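**Student:** Next up is a structure, given as structure tokens.
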Amino acid sequence: MEDMHIHLKAGVTDINIMREYVEKCRELNINKVLFLDHGNRMSPKHTPVLNNPEVIKTFLANINIVRREYPDMEIKSGIESDFSYDEDFKKKELKNITESGVDLIIGSVHGMSKADYKDYLQANLDMLNIYPLNIIGHLKLRKEYEDYTDMIEEIVKVASQKNIIVEINTSERSRWDLHQLEYMISLFKKYNTTYTLGSDAHKIEEIGYHIPEMYIKLDKVLNNAKRDIEYSIVSRGTEKYGSKGYMGITKNENGKRHLILARHYDRYIDTYKDSFELSENYDIRNIAVSRFELMSALTIDSITNFIKDDILIIGFGNVGFSCLVHLLKKGYHNISILTNDIKEFQISGLEQLNKTFNSNIQFVNEIKNYNTYIEATGNSNVIKDIFDNTNNGSTLILLGTPRDAEYLIDPLDIHRKNLKIFGGHELNGHTMDERRKLFKELLNENKKYNFEKFVNIYMDETNIVNKILESKNNFIEVIRYEV
Ligand SMILES: [Zn+2]
Ligand SMILES: [Zn+2]
């Protein structure tokens, strides 16, 4: 493995620190490294490091020592050079890097995070033409990168023509997501571009960060290998609005299935943060139902004292349906459902649930007086309707997430009618342990029931995400997701 972008900081001139860095690399099975630090820096808040002939001389002498001490390691010396249009700076830095004698120069554009993306890309292109570089560092692909593919392609092309290697930076600051990686690899193939992997570590603990994962991804992209991702569960509720929502993605690894909560919109799906680890023998349909039921379970289980068996669920999408399932399992029978569009399969689905749970579920078409209301639409008007129609002392559970610009609830109504209101946001207010434990219980319970009918499985259809986002009133939706 290689890590071709490691900042040494004090280790530039301190041989003992440099040795610690080498040891750390060996520990991580990294056998090819590029030790470096910044040259001159344009920004006054950054201190230059490798811009003084004496310092560079000590640095290179120390590099030679560790090379002798660790003959099995390939150790390169380098400078990460900063680019600027400022004439004085450019002259100074050009002199610095050409006279330095280090093995490899990385050229990076810094300090343009607020600049127009077009200007940032142009700076990279100009840097390639002006600086004598070996590697172009951390080229950022911003959200809007797909509108600038002509410039990005030009950068890759010029780099190839000049024999400049393109860095695949694995730091959180600059890492390309899987979609972007596939795009860049396609350009590398087209122009015969070479690349290196660099963690851009600024601390010893950051050496090798995300490098092994990147090797796995590269292998998959380059060989068109089977993807890790099997299925995605669309959680649609929040996607309609600005936050763009999230998506659960299952992934099999070492006999475990991980259900990963990931941002869906930009397909950023390479994180294990916030993931559930499940055994592989759970059916994906079971996972889908249980995943949505979790939201109701987290809310309802602690407040059953306040829920009487006279319930109205408003909204019958994923959240509403899974909530119904949970209430039935908790022993509630008298449940009404208000939804503005009843589908054929929903009617037959309810019949089956009534049989299984010996319950009395029915569709209704207006909000009347019930003991308990479960709001699963996320619409403020619905909440207001409940307030207007309910009697004293009833319970209101908010499972939908209202995101309207204004809220229509009058606090005085709560006061006058003595309402009990409970919120049910799934992701906040509960520890991961709590969620994991409950989720596993639901998975086991749901194995006993026949909920598959309520899950739509989509396979290999084109443009499936848009299709699902446009469709309404499905129960639980699961798609096969192939990036
Ligand atoms: Zn940098
Ligand atoms: Zn760097």
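The values are calculated or read from the model by the stated rules, or taken from the named source; none is laboratory data. If you're wondering where the values come from, they're calculated on a predicted model, not measured in any experiment. Cβ coordinates were reconstructed from backbone atoms using ideal geometry, including for glycine residues, and neighbour counts include every protein chain displayed.
**Student:** Mind listing whichever residues of region 189-203 are touching a strand residue (DSSP E or B) at 6+ places or on another chain (Cβ under 9 Å) and more than 16 Å from ligand 1 (Cβ to nearest atom)?
**Tutor:** Residues satisfying the conditions are 193, 194, 195.
**Student:** Right, another one. Looking at 378, 400, 423 in this structure, which one is among the small types (Gly, Ala, Ser), in the same structural domain as residue 296 (by TED's automatic domain parsing) and surrounded by fewer than 18 Cβ atoms within 10 Å (Cβ to Cβ)?
**Tutor:** Going through 378, 400, 423 in turn, the sole match is 423.
**Student:** Does residue 75 fit the bill of being more than 16 Å from ligand 2 (Cβ to nearest atom), more than 28 Å from residue 176 (Cα to Cα) and either outside the structural domain of residue 30 (by TED's automatic domain parsing) or among the aliphatic types (A, V, I, L, M) (or both)? First the steps, then the outcome.
**Tutor:** Numbers: more than 16 Å from ligand 2 (Cβ to nearest atom): yes; more than 28 Å from residue 176 (Cα to Cα): no; either outside the structural domain of residue 30 (by TED's automatic domain parsing) or among the aliphatic types (A, V, I, L, M) (or both): yes.
In short, no.
**Student:** Cβ-Cβ below 6 Å, separation at least six or inter-chain, first residue in region 58-78 and at pLDDT 95 or above, second part of a helix (DSSP H, G or I) and loosely packed, with under 13 Cβ neighbours inside 10 Å: which pairs?
**Tutor:** As it stands, the answer is none, since no pair meets every condition given.
**Student:** Right, here's the next one. Just to be sure before I move on: is residue 362 in contact (Cβ under 8 Å) with a residue 60 or more places away in the chain, outside any loop (DSSP other than H, G, I, E, B) and farther than 20 Å from residue 420 by Cα in the structure I sent? Let's see the steps before the verdict.
**Tutor:** Values: in contact (Cβ under 8 Å) with a residue 60 or more places away in the chain: no; outside any loop (DSSP other than H, G, I, E, B): yes; farther than 20 Å from residue 420 by Cα: yes.
Spelling it out, it is not the case that residue 362 is in contact (Cβ under 8 Å) with a residue 60 or more places away in the chain, outside any loop (DSSP other than H, G, I, E, B) and farther than 20 Å from residue 420 by Cα.
**Student:** With the condition kept exactly as written, say whether any residue in region 12-29 is assigned by TED's automatic domain parsing to the domain that holds residue 210 and within 15 Å of ligand 2 (Cβ to nearest atom). Quick ask: steps written out before the conclusion?
**Tutor:** So in region 12-29, the residues assigned by TED's automatic domain parsing to the domain that holds residue 210 come out as 12-29.
Okay, now just the ones that are also within 15 Å of ligand 2 (Cβ to nearest atom), so 12, 21.
Yes, region 12-29 contains a residue that is assigned by TED's automatic domain parsing to the domain that holds residue 210 and within 15 Å of ligand 2 (Cβ to nearest atom).
**Student:** Still on this model: Every residue in region 352-403 that is within 39 Å of the chain's Cα centre (by Cα) and of a type in the set (Asp, Glu), please.
**Tutor:** Scanning region 352-403 gives 375, 385.
**Student:** Next question. Being of a type outside the set (Gly, Ala, Ser), closer than 29 Å to residue 205 by Cβ, within 13 Å of ligand 1 (Cβ to nearest atom) and surrounded by 13 or more Cβ atoms within 10 Å (Cβ to Cβ) is true for just one of 103, 82. Which residue is that? It would help to see each step written out before you state the result.
**Tutor:** Details: 103 fails: within 13 Å of ligand 1 (Cβ to nearest atom).
Just one listed residue meets the conditions, 82.
**Student:** Do you know which of the residues in region 30-68 that are farther than 16 Å from residue 105 by Cα and within 16 Å of ligand 2 (Cβ to nearest atom) is surrounded by the fewest Cβ atoms within 10 Å (Cβ to Cβ)?
**Tutor:** The extreme case among them is 45.
**Student:** Please go through region 135-163 and pick out each residue that is in contact (Cβ under 8 Å) with a residue 40 or more places away in the chain and buried (at least 17 other Cβ atoms within 10 Å of the Cβ).
**Tutor:** If the condition is that a residue be in contact (Cβ under 8 Å) with a residue 40 or more places away in the chain and buried (at least 17 other Cβ atoms within 10 Å of the Cβ), then 135, 137, 138, 141 are the ones that fit.
**Student:** Is there any pair with a first residue in region 7-21 that is closer than 23 Å to residue 107 by Cα and a second that is of a type in the set (Ser, Thr, Tyr) and assigned to a helix (DSSP H, G or I) whose Cβ atoms are under 8 Å apart and which are 6 or more apart or on different chains, and what are they?
**Tutor:** Within 8 Å, the pairs are 8/21; 11/21; 12/58; 13/58.
**Student:** From the set of residues in region 1-29 that are under 29 Å from residue 218 (Cα atoms) and within 16 Å of ligand 1 (Cβ to nearest atom), which is surrounded by the most Cβ atoms within 10 Å (Cβ to Cβ)?
**Tutor:** 5
**Student:** Could you tell me which numbered condition residue 219 fails, if it satisfies all but one of (1) surrounded by fewer than 19 Cβ atoms within 10 Å (Cβ to Cβ); (2) assigned to a loop (DSSP other than H, G, I, E, B); (3) modelled with pLDDT of 80 or more?
**Tutor:** (2)
**Student:** Quick check on residue 412: is it farther than 21 Å from residue 304 by Cα, over 28 Å from the mean Cα position of the chain (by Cα) and not in a loop (DSSP other than H, G, I, E, B)?
**Tutor:** On the way: farther than 21 Å from residue 304 by Cα: yes; over 28 Å from the mean Cα position of the chain (by Cα): yes; not in a loop (DSSP other than H, G, I, E, B): yes.
Here the answer is yes, as residue 412 does meet what is asked.
**Student:** Tell me yes or no: at least one residue of region 193-208 is farther than 26 Å from residue 93 by Cβ, out of contact with any helix residue (DSSP H, G or I) (no Cβ under 9 Å at 6 or more places or on another chain) and assigned by TED's automatic domain parsing to the domain that holds residue 95.
**Tutor:** No, there is no match, as no residue in region 193-208 is farther than 26 Å from residue 93 by Cβ, out of contact with any helix residue (DSSP H, G or I) (no Cβ under 9 Å at 6 or more places or on another chain) and assigned by TED's automatic domain parsing to the domain that holds residue 95.
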